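*Asks:* Structure below; questions to follow.
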Amino acid sequence: MKTIDRIQFLSNVLIVACTRMNNSDVGKLVKAVVTYATDGTRPAMDDLRLETYFDLIAQDLDSQRTAAEAKSRKCSESAKCRAAKSTVRTAAVSKKISEETPPATANDREVESDSDFNVSNPTSSFERMKQVYIKTGNNESQAFEAWKLLTADERTAAFAHAQRLQGDLISRSYLFVYLRDKEWNKLGVPQGGLPQ
C-alpha cells in the first residue's frame, strides 16, 4: 500500500469530531488517521464513535490513494509512449537526413578526410564550422542563414581560413559577421583550398 505524503481528508468529519468529542479522543482519532495514512494499518479502537469517524476518513484516504495510483500508472504509460515515439521520430529524421545528403564529390572527400567537413551538407558543415571558429555569439541562426547562402567553394574557403585563424578571440568578429562580410576574402586567402 502506497503511503500518502500529504494527508487530505474530509475536514467536515474532523470538525464534527472536534465539536462532539473531548480533546483526548480527537487526539486518538488524528493519531489513528496518521498511522493509517503512513503505513496502512488500521488501529484498534475501543470507542464506537471514534471508529465511525475513522472509517469515514479512511474511506476518503483510500479513494485518494487509489486515484493517485491510477494517475501514476497513467503517467508511467504516457512516458513510455512518449519515449517510444521519440525513438521512432529520431530514427525517421536520421534516415531522412541520410537520404537527403547528396553524394560527395572528390573535393568533398578530400575535405572530409582532413576534418570531417562535408561542404555539400550545410547543417553538418556549419556545426563543424562553429567548432573550428569558436566565437559564435548569440546570433547563431543568422550565421547559419548566411552559411547556407554561400557556395560550396566559399564554405570551403571560409572553413580553411577559420582553421588557420589564431590569436585573441576578443578581437575576432562573431561568426555571423565573418560569414556575412566574407572576411576570409578580405585577407587575400584564395578560395577552394584547405591548409596544407
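Since every read-out is calculated from the coordinates, none of them should be taken as a lab result. Source: prediction; values computed, not measured. Here Cβ is always computed from backbone atoms with ideal geometry, including for glycine, and neighbour counts include all displayed protein chains.
*Asks:* Which of the pairs K31/K74; K85/K130; K130/K182; K130/K186; K148/K186; K135/K186 have their Cα atoms more than 25 Å apart in this structure?
*Replies:* Going by Cα-Cα distance, K31/K74; K85/K130 fall outside the 25 Å limit.
*Asks:* With each label point set 7 Å from Cα along the Cα-Cβ vector, what nm distance links L169 and R82?
*Replies:* Each label point is offset 7 Å from its Cα along the Cβ direction, giving 3.4 nm.
*Asks:* Ok, one more. Roughly speaking, what is the stretch gain from D181 to D60, that is 0.36 nm per residue apart minus the C-alpha to C-alpha distance, in nm to one decimal?
*Replies:* Taking D181 through D60 to full extension adds about 36.5 nm, to one decimal.
*Asks:* Using the Karplus curve 6.51 cos²θ - 1.76 cosθ + 1.60 with θ = phi - 60°, what ³J(HN,Hα) values do you get for each residue of segment 51-64, in whole Hz, with x for Gly and Pro?
*Replies:* 5, 5, 4, 4, 4, 4, 5, 4, 4, 5, 5, 4, 4, 5
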